[in-house]
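A short worksheet on the structure shown next.
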Number of protein chains: 2
Amino acid sequence: MRHKDFYINQLSNLPEGKETTIAGWVEDTRDLGKIKFLKIKDCTDSVQVIWKTEESPEEIGRLVEKINQNDVVKVKGTIRKSKVAKKGFELVAKEIEVLNKSKHPLPLEIRGKINASLDVRLDNRPIDLMRPRTAKIFKLFSEVLKITREFFYEKGFVEVVTPRIISTATEGGANLFELNYFDKKAFLAQSPQLYKEQLTMGLERVFEIGTFFRAEPFDTTRHLNEFVSLDIEVAFADYNDVMEILANLIRTISKELDKLDGEYKEVLNEKFLEYKDKEIESYSYKEVVNMVKKEGGKINYGEDISSEHIKLIKDLKDKFFFVTDWPENTKPFYIKVKDDGTTESFDLMFSELEICSGGTREENREKLENRITKMGLNLSSFSEHLKFFSYGMPPHAGWAIGFNRLMMIITGENNIRETTLYPRDKNRLIP
Amino acid sequence: MRHKDFYINQLSNLPEGKETTIAGWVEDTRDLGKIKFLKIKDCTDSVQVIWKTEESPEEIGRLVEKINQNDVVKVKGTIRKSKVAKKGFELVAKEIEVLNKSKHPLPLEIRGKINASLDVRLDNRPIDLMRPRTAKIFKLFSEVLKITREFFYEKGFVEVVTPRIISTATEGGANLFELNYFDKKAFLAQSPQLYKEQLTMGLERVFEIGTFFRAEPFDTTRHLNEFVSLDIEVAFADYNDVMEILANLIRTISKELDKLDGEYKEVLNEKFLEYKDKEIESYSYKEVVNMVKKEGGKINYGEDISSEHIKLIKDLKDKFFFVTDWPENTKPFYIKVKDDGTTESFDLMFSELEICSGGTREENREKLENRITKMGLNLSSFSEHLKFFSYGMPPHAGWAIGFNRLMMIITGENNIRETTLYPRDKNRLIP
């Protein structure tokens, strides 16, 4: 690369005396007069650069005096093994170039303890990312994406990309962002639900990881108006099959992160790592309702179970658990209803946080149309979707995980804004 | 899975006499009276199911008579090795269940030759996907996504997700879709450009693969209003560095697809596969202008090079090539300008199709502000982005590939709608 030969974590492999160029940010400077030190960091590690009157050009010494914390620099130097240096070696400065200066003070402190509020950090996310903890969370986000995709690739799933701009509200009721699409009214998709169902006709096993949108004016620590969703849909499967896939995914992520050998230790939730060899418990909706009642909570059969209800049940704290077989009225039209009025459906929870919702879908066009009508939705809005159910739609099941929420559980963070690079809520559209 | 034990391509490993259940679509039926055949396909392969009076229940025979092409069925049977059967074995029917019926005729023919127009196929994409060729194109799309991501993971890049709803037009001039965001005006992002630049401060090497939007009323075979973009950005790199990464990516995709051993043969462009061991040629903008003139084309230095210009140059047909060092006025404000008035920029072309654009970015705040002003853009619209250039912005470079266009080249398709599941253009918002 133009400005560096190596990343800092590659230097330890170089031999004594080897000349090389690195580039990064100044973490610290120490001026002892005839000896001056710079601590330089890049995205991989940090290293000590040393300048001494007798072994480095004099003008570098004068330049080092003007260098400040967080200045962007390029250093050419030679490797010297040293028992005193923390890493076992240091870089003896031969040339230094300042590539970009940094103003002081920064809008937030990036070394040591953080005093800034979440709002200040989000207003300055790129600077916040220079803090090691924030950087680790988003590197971990990338790792979990990687593990997740490899899990589905390995199982023969096809990765798909469905539209974000759509002509009708996919699931009926919800608030969607509206836009003008060449003089037609259009909406931003809240999920790939109907598309992924359709795609099971040709591809059978599909997944998508992408950004979706919801226009509700949320004001909580677990909702955003723009979020990453991981969606799957599987032909010839039912809700038990896809719950097994989900439990297997959680186990795989937990195992793989555990293998990373401490690299992400400070941003990993111990409770999540337990699931590398722990089963996920499963309760029916009815059982959970009874558990809530037993703890003195107020709830009637048929009502949604709220976070407040779950908080009452001490046994469910810091645990994953499935809640299955929800009553018909609590689930969207595409979920399959059983003869007893419950549905082939489930939510995956961790403590009181819902992170995934799924189920068997209704593949019979007539039953599906009855459900749509019964829910007071307009049948004609769905005609372009329903027509496919007449031409060989297989039975199918699937689910959707809120990926930013999953990352909350993996990291143990309590606010979804901590696991979203540039969160969007009703007050935040910048940066 | 509830409806099947195995995918059809797993059956060949089963022993003679093994009882198993498969599920899929009826591709063909043949009724010889006392012997009846069903050809069943799933997403992996197809298999012959046989019913004979003396070895299968009689009611199955009657059911088979009522089964039509494309009906969704579940078949329980036993494996019988057979020299006559195409695959070396067949499934002797024990139970058959029709899971869903298919109407006839289908909106488009899915076996054999395709007579339907592109519009009919797009109106019925899920049915079009039951055609083997269409299914292969989108399975290949998924393969290329996988190869691409593994390429970047392996190089230490961090996968990021930047916002789609933004407060200001990221690149100035272009037409953006506008939406109402809780009573504020907002836009749909046309690229992650400014965000990925910012993220080099904390993460150095980032990539994103996601859907972006452009509101121009295109009417061509190579533009869509919603498209998948692959974006990278690298700290301490320049345009030569990121061109090398790009050439390396093309080589890797070509090599990896070549390894897939004929699975995608009929949807792979031979010209693309040549790049597994072929260098990508590079010409400066000035050189290409002279080539155009030599072929009798009309172009002045400083003008954009059009597809019509490139078509004049026979030597560039069916080839990848870089066009580098464009004049300042042809490139966006964030591209670095050299002392001679050209820029550290490049496009990657294949024949006359542009698939990638990139360059070194300007990291100096003052120079960047001068460029913005010079281009007639409003400096205050960019204040939330520009502020980060004062706090340790490294030199950086990057590029963006139109992924659906890349898939056009890989498959040899001439219309971007062939490599997009649900394309969006000014006339198409459904399905």
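Summary of values
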read-out: Area of A:VAL323 that stays accessible when all protein chains are in place (1.4 Å probe, Å², to 10); value: 0 Å²
read-out: Under 17 Å from the Cα of A:LYS259 - lysines, other chains or at least 8 residues apart; value: A:LYS136, A:LYS139, A:LYS146, A:LYS271, A:LYS276, A:LYS278
read-out: Of the GluC sites (Glu not before Pro) in the stretch A:234-281, those whose Cβ has at most 14 other Cβ within 10 Å and which sit in DSSP loop; value: A:GLU263, A:GLU279
read-out: Mean Cβ neighbour count within 10 Å, used as a protection proxy, ranking A:416-426, B:39-49, B:304-314 highest first; value: A:416-426, B:39-49, B:304-314
read-out: Additional length obtainable on full extension of the chain from B:GLU287 to B:GLN10, 0.36 nm per residue less Cα span; value: 94.2 nm
read-out: Two-site label geometry, B:LYS255 and B:LYS103: point separation in nm, points 7 Å out along Cα→Cβ; value: 5.1 nm
read-out: Residue pairs, from the table A:LYS101/B:LYS367; A:LYS155/B:LYS101; A:LYS36/B:LYS387, whose Cα atoms sit over 19 Å apart; value: A:LYS155/B:LYS101; A:LYS36/B:LYS387
read-out: Solvent-accessible surface (1.4 angstrom probe) belonging to B:MET1, in square angstrom, nearest 10; value: 80 Å²
read-out: Only Lys, Arg (+1) and Asp, Glu (-1) charged, at Cβ; the protein assembly as shown dipole about Cα centre in debye; value: 300 debye
read-out: The protein assembly as shown - share of DSSP beta bridges that are antiparallel (%, nearest 5); value: 90 percent
read-out: Net +/- balance of residues flanking A:LYS276 in space, Cβ distance below 12 Å, scoring K and R +1, D and E -1; value: -1
read-out: Heavy-atom accessible surface of the protein assembly as shown: percent carbon and sulfur, 1.4 Å; value: 45 percent
read-out: Exam field: A:ARG80 pseudo-label spacings to other copies (7 Å along Cα-Cβ), nanometres; value: 8.5
read-out: Computed magnitude of the charge dipole of chain A (debye, nearest 20; Cβ of K, R +1, Cβ of D, E -1); value: 1660 debye
read-out: GNM flexibility winner over chain B from B:PHE346, B:PHE207, B:PHE382 (Cα, springs under 10 Å); value: B:PHE382
read-out: For A:135-142, mean number of other protein chain Cβ atoms within 10 Å; value: 4
read-out: Computed label-point distance, nm, for sites A:LYS52 and A:LYS155 using a 7 Å Cα→Cβ extension; value: 6.0 nm
read-out: Cβ nearest the rotation axis (B onto A), residue from chain B and distance to the nearest whole Å; value: B:LEU179, 2
read-out: Square roots of 5 times each gyration tensor eigenvalue, C-alpha, the stretch A:8-100, largest first, Å; value: 18, 15, 12
read-out: Listed residue (B:LEU257, B:GLN193, B:LEU91) projecting farthest to the positive dipole end of chain B, Cβ model; value: B:LEU91
read-out: Pseudo-label separations to other copies for A:ASP31 - Cα-to-Cβ vector, 7 Å, nm; value: 9.6
read-out: Summed buried accessible surface, chains B and A, 1.4 Å probe, nearest 100 Å²; value: 8800 Å²
read-out: Check: the stretch B:44-99 dipole with +1 on Lys, Arg Cβ and -1 on Asp, Glu Cβ, in debye; value: 320 debye
read-out: Exposure of B:MET393 as accessible area (Å², to 10), given a probe of 1.4 Å and all protein chains; value: 0 Å²
read-out: For chain A: relative contact order, % (alpha-carbon pairs under 8 angstrom, 6 or more apart); value: 12 percent
read-out: Cβ neighbours within 10 Å from other chains - mean over B:391-402; value: 5
read-out: Estimated 222 nm signal from helices in chain B, with DSSP H stretches of n ≥ 4 weighted -39500 (n - 2.57), rounded to 500; value: -8000 deg cm²/dmol
read-out: Alpha-carbon centroids, the stretch B:295-370 and the stretch A:185-247: separation in whole Å; value: 39 Å
read-out: For the protein assembly as shown: accessible area per residue (Å², 1.4 Å); value: 40 Å²
read-out: Förster radius 45 Å - calculated FRET efficiency between A:ASP45 and A:LYS311, Cβ distance, rounded to 0.05; value: 0.60
read-out: Protection proxy ranking, peptides A:60-67, A:293-300, average beta carbon neighbours within 10 Å, highest first; value: A:60-67, A:293-300
read-out: Cα pair distances exceeding 34 angstrom across the stretch A:125-419, given as percent; value: 21 percent
read-out: Residue-averaged beta-carbon neighbours from other chains (10 angstrom radius) around A:241-247; value: 1
read-out: Centroid-to-centroid separation of the stretch A:390-430 and the stretch A:112-134 [C-alpha atoms, Å]; value: 22 Å
read-out: Projected-area average for the stretch A:153-279 over all orientations - Cα convex hull basis, square nanometres; value: 10.7 nm²
read-out: Copies compared at A:LYS146 - label distances in nm, ascending, label defined 7 Å from Cα in the Cβ direction; value: 1.7
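The values are calculated or read from the model by the stated rules, or taken from the named source; none is laboratory data. Everything numeric here is computed off the predicted structure, so don't read it as measured data. Virtual Cβ from ideal backbone geometry, glycine too; neighbours counted across all protein chains shown. We work out accessible area using only protein heavy atoms, side chains counted, and drop any ligands, DNA or RNA first. Shrake-Rupley method; radii C 1.70, N 1.55, O 1.52, S 1.80 Å.
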